[in-house]
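Okay, structure first, notes after.
The values are calculated or read from the model by the stated rules, or taken from the named source; none is laboratory data. No experiment lies behind these values; they were computed from the predicted model shown. Here Cβ is always computed from backbone atoms with ideal geometry, including for glycine, and neighbour counts include all displayed protein chains.
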Amino acid sequence: MTEDKLKIVVFGAFGAGKTTLIRTLDPSSKHVEAEGVGGSTTIALDFGKVEIDGRHVYLFGTPGQERFEFAREVISRGMDGAILLADATSPVDDFTRHLYDSLTGAKIPFVVMVNKCEEVGAQPDAIKKHFCEVPVHKISAQDHRRSLEALCTFVAVLPPGHGHVHHGIS
């Protein structure tokens with residue numbers, strides 16, 4: 001019997017919490033970053049793995065700046081599903097809309113996780129309205145239990161990994 005492996009790619013704008021989410025789900029995750037204006041940022045990817053109901057789930061976090069489109073294309077090739085992470089403390093921006101439209105257009109199974117719901121000024125319900133065509137989970141990327149519950153709910157609806165039939169997004 002072959003192992004059931006799933007490649008799930010995490011997309012989102014700069015500061016949405018992609019690295020935090022992956023580190024929360026897998027404390028031994030790997031991260032490639034660089035210092036830039038305004039602090040450090042992911043320039044290549046985050047990588048973590050978890051096991052859910054006997055399924056090996058590999059999580060790949062993508063850079064959150066538009067200029068790293070090429071990296072998102074490479075990382076997203078062969079994905080079985082995607083997570084779009086949105087920040088509840090900021091209005092939905094054009095980049096997040098672009099990611100949502102790209103995932104929808106590519107017919108990739110995906111879920112939206114609205115992060116930072118517990119922070120002052122957060123408006124998760126206002127954010128949720130922008131994504132009515134896919135499942136939306138309110139989470140805190142720092143809360144292992146809530147993040148894992150949302151991931152488990154998503155993984156449960158994904159078919160077994162079958163050679164990564166999906167192409168990347170652009």
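General observations
- Of Asp101, Asp53, Asp26, Asp46, all but one fail to be within 19 Å of Arg145 (Cβ to Cβ) and at pLDDT below 95; the exception is Asp53.
- All conditions in (1) part of a loop (DSSP other than H, G, I, E, B); (2) of a type in the set (Lys, Arg); (3) under 15 Å from the mean Cα position of the chain (by Cα) hold for Lys107, with the sole exception of (3).
- Restricting attention to region 88-111, the residues that are closer than 12 Å to Val134 by Cβ and in contact with a His (Cβ under 7 Å, 6 or more places away or on another chain) add up to 2.
- Within region 129-157, the only residue that satisfies the criterion of being modelled with pLDDT under 95 and surrounded by 18 or more Cβ atoms within 10 Å (Cβ to Cβ) is Phe131.
- Within region 110-156, the set of residues being under 22 Å from Arg55 (Cβ atoms), in a strand (DSSP E or B) and β-branched (Val, Ile, Thr) comprises Val111, Val112.
- Yes/no for Phe68 being within 21 Å of Lys30 (Cβ to Cβ), surrounded by 14 or more Cβ atoms within 10 Å (Cβ to Cβ) and of a type outside the set (A, V, I, L, M): yes
- Residues that are of a type in the set (Lys, Arg) and touching a residue at least 24 places away in the same chain (Cβ under 8 Å), drawn from region 1-30: Lys5, Lys7, Lys18, Arg23
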